[in-house]
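Below is one structure, written out as structure tokens; the observations come after it.
The values are calculated or read from the model by the stated rules, or taken from the named source; none is laboratory data. Note that the structure is a prediction, hence the values are computed from the model and not measured. Backbone-built Cβ (ideal geometry, glycine too); neighbour counts: all protein chains shown.
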Amino acid sequence: MDTCLHNTLERFRRTGAPASVLILDIDRFKRINDCFGHDQGDKVLREVVEIMDDRSRKLDLLFRTGGDEFLLLLPDTRASQARVVAEHLRAAIASAQMVPGETVTATVGLSELEPADAQSDLLKRADAALYRAKALGRNRVEGNAGAGRGNSRPVLQVVNP
């Protein structure tokens, strides 16, 4: 992941090619493991990856960064396009029947690469957007496309059904 992010940043500096990242976290995943068992939790992880893989382009790169957290690197993608991808992923996960009698949801934070960014800046903004989305109620997409300039703005707000 670090190598791919580094290469994306270098490409951006050379050519100006945009890139965005999505950080997706499965909501209340610990509860799934605790209530339904780790086999069911593993099934949810596999199905979320399948959904993300099915709805991504071949050039997009998916990484598992934690137990129930994933990073999707979207080369050649502005924040406005990334928000569409993120919302489709969020909706597809929420509509999938992964756990009998339960709805599995995901929260997504996103950020677009900016000219002065180091790799860590891009990831910190996406992570901050993810935590903001969780604080606002989960099962939503939030973004931060300008924290380096002092302006924080939501990319997309989705009201829970």
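Listed conditions (1) part of a helix (DSSP H, G or I); (2) at pLDDT 95 or above are all met by GLY148, apart from (2). Check off (1) at pLDDT below 95; (2) out of contact with any Gly (no Cβ under 6 Å at 6 or more places or on another chain) for VAL155 and give me the number that stays unchecked. Single failed check for VAL155: (2).
Checking each residue in segment 40-63 for being within 21 Å of LEU5 (Cβ to Cβ), touching a residue at least 12 places away in the same chain (Cβ under 8 Å) and assigned to a helix (DSSP H, G or I) picks out VAL49, MET52. GLY66 meets each of the listed conditions (1) part of a loop (DSSP other than H, G, I, E, B); (2) modelled with pLDDT of 95 or more; (3) under 16 Å from ASP25 (Cα atoms) apart from (2).
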